[in-house]
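Here's the structure we're looking at; comments come further down.
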Amino acid sequence: MALDRRLDVLAVCGVGMGSSLMLKMTAEDALSALGVDARVENTDVSTARGMTADVIIGQGMHTGEIADLAPIVITISDFLDKEGLEEQLRVALSEKGWLV
């Protein structure tokens, strides 16, 4: 069953500025390549705790702290690796039945 609404995605880093903005742009490209309608926001870990999302993407040092905030939490090591993130998203979204 594909998701019948826009996917809410958070790109998270420690401060919520530079690296999360780069990750946001990479995530937008990866989701677009998958044909997924998504709204991607960049934010810091503290603010993310008060937000809701379907997917959270960030480095392991941050995703471990907020792993319970979204059905899908993806840990990345390279903010600019669109193909790697696209594959991680493909697998995770397919497992949830949100990607057909």
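For segment 55-72: of the residues being of a type in the set (Gly, Ala, Ser) and surrounded by fewer than 20 Cβ atoms within 10 Å (Cβ to Cβ), which is farthest from Arg90 (Cα to Cα)?
Looking only at segment 55-72, we keep the residues that are of a type in the set (Gly, Ala, Ser), and these are 58, 60, 64, 67, 70.
Adding the requirement that they be surrounded by fewer than 20 Cβ atoms within 10 Å (Cβ to Cβ) leaves 60, 64, 67.
On the way: Gly60: 19, Gly64: 21, Ala67: 19 Å.
Filtering segment 55-72 for residues that are of a type in the set (Gly, Ala, Ser) and surrounded by fewer than 20 Cβ atoms within 10 Å (Cβ to Cβ), the one farthest from Arg90 (Cα to Cα) comes out as Gly64.
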Tally of residues being open to solvent by 80 Å² or more (accessible area, probe 1.4 Å), touching a helix residue (DSSP H, G or I) at 6+ places or on another chain (Cβ under 9 Å) and in a loop (DSSP other than H, G, I, E, B) across segment 79-100 = 2
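Looking only at segment 16-38, count every residue that is of a type in the set (S, T, N, Q), closer than 15 Å to Val55 by Cβ and touching a residue at least 12 places away in the same chain (Cβ under 8 Å) and tell me the total. Walk me through how you get there before you give the answer.
Here is the first cut: in segment 16-38, the residues of a type in the set (S, T, N, Q) are 19-20, 26, 32.
In the following step, the residues that additionally are closer than 15 Å to Val55 by Cβ were identified as 20, 26, 32.
Now drop any that are not touching a residue at least 12 places away in the same chain (Cβ under 8 Å), which leaves 20, 26.
So the answer is 2.
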Checked Thr52, Thr75 against criteria (open to solvent by 40 Å² or more (accessible area, probe 1.4 Å), in contact (Cβ under 8 Å) with a residue 12 or more places away in the chain, part of a loop (DSSP other than H, G, I, E, B) and of a type in the set (S, T, N, Q)); the one match is Thr52
Search segment 3-42 for residues being out of contact with any Leu (no Cβ under 7 Å at 6 or more places or on another chain) and small (Gly, Ala, Ser), and hand back the single one that is farthest from Gly60 (Cα to Cα).
-> Gly35
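The values are calculated or read from the model by the stated rules, or taken from the named source; none is laboratory data. Computed from a prediction, not measured in an experiment: that's the story for all the values here. Backbone-built Cβ (ideal geometry, glycine too); neighbour counts: all protein chains shown. For the accessible areas, the whole protein counts, side chains as well, though only heavy atoms, and no ligand, DNA or RNA atoms are used. Shrake-Rupley method; radii C 1.70, N 1.55, O 1.52, S 1.80 Å.
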